[in-house]
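See below for the structure under consideration.
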Amino acid sequence: MALADLVACPRCDALWRVPAAAPGTRAACARCGTVLISPRRHAGMAIVSMSLAAVVLVFGALWFPFLSVEVQGLGHGATLWEVATSFAGGPLFVVSLAVTAAIVVLPLLRAGLLLYTLTPVVFDRPPRPLAAPAFRLSERLRPWSMAEIFAIGCAVSLTKVADLATVTLGPAFWMFAALVVVTVVQDRLVCRWSVWQAIGRA
Amino acid sequence: MSDLHALTAREAGLVACRLCSRVWPGGTPRCARCGAALQSRDPLALSRVWAWWVAGVMAYVPANLWPMLETRTLLVRRDDTIIAGALELWAGGARGVALIILAASVLIPLLKFFAIAYLALSATRPVLLSPHARLRLYEVVEYIGRWSMIDVFVVAILASLVQLDVVASIQPGPASLAFALSVISTMLSAQAFDPRALWDGIERDAAAPARAPA
């Protein structure tokens, strides 16, 4: 039997024959239950459109006002960029880098990498020369892209501030909320096995 | 016990790619499909887990002792640690939010430290929990580890938003750096763990003298 007809569970190393999974069904490892293959019809096009949407939303969220507060006639607004870089001065600068990466750079980079990897596949063109490293990087960065966690952080901070001041949610806030939804749905749609089948060299 | 046994890639003399699930003849250095480095079992994996684990625990101590937020209002200036900030929220009536902060910043990191240590220890000696249960534990640790960053984000938002001249201003405290480092180290520790080690123990335990089933 050819090795290409086998699939090994990444979590328990059990070896299986590649199952014939119809679109919309999922094939899981019979020993540990890890989902191995979950193809979906038209998933490629959906992922490409969502990646495009994510790029637009990140730039929009950076451009428009994010949040502003007002108390006793004094007001102050912050853009998403100012939120990400608020740890100014001294060693705390490092935290700014981490926050900027987690909520701006990595969501943007991952959307870009997915567009680069999947756009040719969706339009039945040969994959780009660097498609494999690009998708590999995108997969490695996945845990570090934290848009949805930042959204919960927003909710917590708003409750904290709401007592002392009037808070206004800017357009960027809603764009960021949309970005969270897009990112979560997109990650659910990606079937890694199918992507590697489409772009892999072997 | 029988459903625990399965032919593994390693037993078949093959090496599996953990990134794309393709299998190759044993000893192949790099996956020709996705380009990831291949190693049937990395002998240094557990050392890396413990190294990042120690870094995470060490950073977690100042993260709780140093101030997370420095709040200045007209009359007072106060420094709040993570726990003090959450207790103040609780006293102010925002109990749900206080619980979220306590769960994300205190409970989850502590449980993560214990869970990773337990999993790493279980890779080399027999333990009570089945591989299935330990894999679930690993998946939970991997999933919720990132959520501890909530508190760092909260500090970022408050510090950028609450800048109202003399009336009130909030500055991030040094604990934010320690806390972020602790979360990142713990995430790296969990990522360094190879869950396949949980299953390799089945053959080893089966070969050992009979133990009472848990």
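Its Kirkwood hydrodynamic radius, worked out from the mean inverse distance over all distinct Cα pairs, puts chain B at 20.0 Å.
Percent relative contact order of the range B:21-96, based on C-alpha pairs within less than 8 angstrom and at least six residues apart? The value is 14 percent. Provide, for q = 0.10, 0.12 Å⁻¹, the log10 of I(q)/I(0) from a solvent-free Debye sum over equal Cα point scatterers in the protein assembly as shown. Calculated log10 I(q)/I(0) at the listed q: -0.77, -1.04. Explain nothing, just the number: relative contact order of chain B, from Cα pairs under 8 Å at least 6 residues apart, as a whole percent. After rounding, I find 28 percent. Comparing B:Ala32, B:Ala86, B:Ala55 in a Gaussian network model of chain B (Cα springs below 10 Å), the most mobile by mean-square fluctuation is B:Ala32. As a calculated quantity, the FRET efficiency between A:Thr168 and B:Leu74 at R0 = 30 Å, using C-beta atoms, amounts to about 0.80. Under a model in which nothing but the beta-carbon of Lys, Arg (+1) and Asp, Glu (-1) is charged, the protein assembly as shown shows a dipole of about 1400 debye around its Cα centre. For the range A:63-202, how big is the tail of P(r) above 25 Å, as a whole percent of Cα pairs? Summing the P(r) tail past 25 Å for the range A:63-202 gives 41 percent. Contact order for chain A, expressed relative to its length and based on alpha carbon pairs under 8 Å spaced 6+ residues apart, stands at 27 percent.
In the range B:62-103, the C-alpha radius of gyration followed by the widest Cα-Cα span (Dmax) gives 10.9, 32 angstrom. Spin-label model, A:Val18 to B:Leu111: label points 7 Å out along the Cα-to-beta-carbon direction sit 3.9 nm apart. Taking the 0 to 90 degree range and rounding to the nearest ten, how far is the long axis of helix A:147-162 tilted relative to the main principal axis of chain A, both from C-alpha atoms? The helix A:147-162 is inclined about 20 degrees to chain A.
Over all pairs of different C-alpha atoms, the range A:1-111 has a mean inverse distance whose reciprocal, the Kirkwood radius, equals 18.4 Å. Restricted to Cα atoms, the range B:1-40 shows a radius of gyration and a Dmax of 11.2, 36 angstrom.
Using a simple spin-label model with pseudo-atoms 7 Å out from Cα toward Cβ, A:Phe123 and A:Leu109 lie 2.6 nm apart. Among B:Leu161, B:Leu107, B:Leu121, the largest mean-square fluctuation in a Gaussian network model of chain B, built with springs joining Cα atoms closer than 10 Å, belongs to B:Leu161.
Since only A:Ser138, A:Pro126, A:Leu115 are under comparison, the one whose Cα sits farthest along the positive direction of the charge dipole of the range A:96-191, derived from C-beta charges on Lys, Arg, Asp and Glu, is A:Pro126.
Please report the projected area of the range B:15-94's Cα convex hull averaged over all directions, in nm².
Value for the range B:15-94: 9.6 nm².
Throughout, read-outs are computed from the coordinates displayed, never taken from laboratory work. Quick caveat, the model's predicted, so the values are computed rather than measured. Using ideal geometry, Cβ is built from the backbone for each residue, glycine included, and neighbour counts are taken over all protein chains shown.
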